[in-house]
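Participant: Okay, here's the structure, questions in a sec.
What follows is calculated from the coordinates using simple rules that are stated; it is not laboratory data. Quick caveat: nothing in here was measured; it's all calculated off a predicted structure. Reconstructed Cβ throughout: ideal geometry from the backbone, glycine too, with neighbour counts over all protein chains shown.
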Amino acid sequence: MAEYVLRTVGRVESSLRNRSDAPKQGDEGAPDSTIALDVQYATAARDVAAGSELLVLTWLDRASRDVQSVRPRGESDRPETGVFSTRSPDRPNPIGLHRVTVLAVDGTRLLVRGLEALDGTPVVDLKPPLGDVSER
């Protein structure tokens, strides 16, 4: 299979240090955190404003890449399920997808709510969620 190179655009700064500390999803108690973008991407981020919603793509660098099935949410009473039908961080390509709300912007630092990624997690991209066809 072909391999591709991803460039990180920044890193997560969070009080979450260990997977055991992180909620399963951002809306389940994730602390406010910061996306610290590399300054070379200041122009790319210039239109991001407080109140915006973003989809943040991360590289879950502490995930296991050889996992193909899991028990959803780590619950032993649930049946084993293929990772492509779950949001498990452990998967062949550990790309995280997080819907966040921007609380404040300070240059290339974005304070966000709803990001359950660990401190130091590489950020791969930011995108606005799709709205109605008339808003595109």
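Participant: In segment 18-42, whose amide N lies under 20 Å from the spot 7 Å out along Cα-to-Cβ of ASP106? List them in ranges.
Facilitator: Residues 31-42 qualify, since their backbone N sits under 20 Å from the label point.
Participant: Can you give the translational diffusion coefficient of segment 1-122 in µm²/s, computed by Stokes-Einstein from the Kirkwood radius over Cα pairs at 4 °C and 1.567 mPa s?
Facilitator: 84 µm²/s
Participant: Sticking with this structure for a sec: Can you tell me which of 83-90, 116-123, 127-134, 40-47 comes out highest on packing, and rank the rest after it, using the mean Cβ neighbours within 10 Å?
Facilitator: 116-123, 83-90, 40-47, 127-134
Participant: Tally Lys and Arg at +1 and Asp and Glu at -1 over the other residues with C-beta under 14 Å from the C-beta of PRO122: what net charge comes out?
Facilitator: Surrounding charge for PRO122 is -2.
Participant: Moving on. Could you tell me the distance between the Cα centroids of segment 53-77 and segment 112-133, to the nearest Å?
Facilitator: Spelled out, the Cα-based centre of one part sits 15 Å from the other.
Participant: Per-residue counts of other Cβ atoms within 10 Å, averaged by peptide: what ranking do you get for 26-32, 53-59, highest first?
Facilitator: 53-59, 26-32
Participant: Taking N as the number of residues in segment 1-65, what is its Cα Rg relative to 2.2 N^0.38 Å?
Facilitator: 1.32
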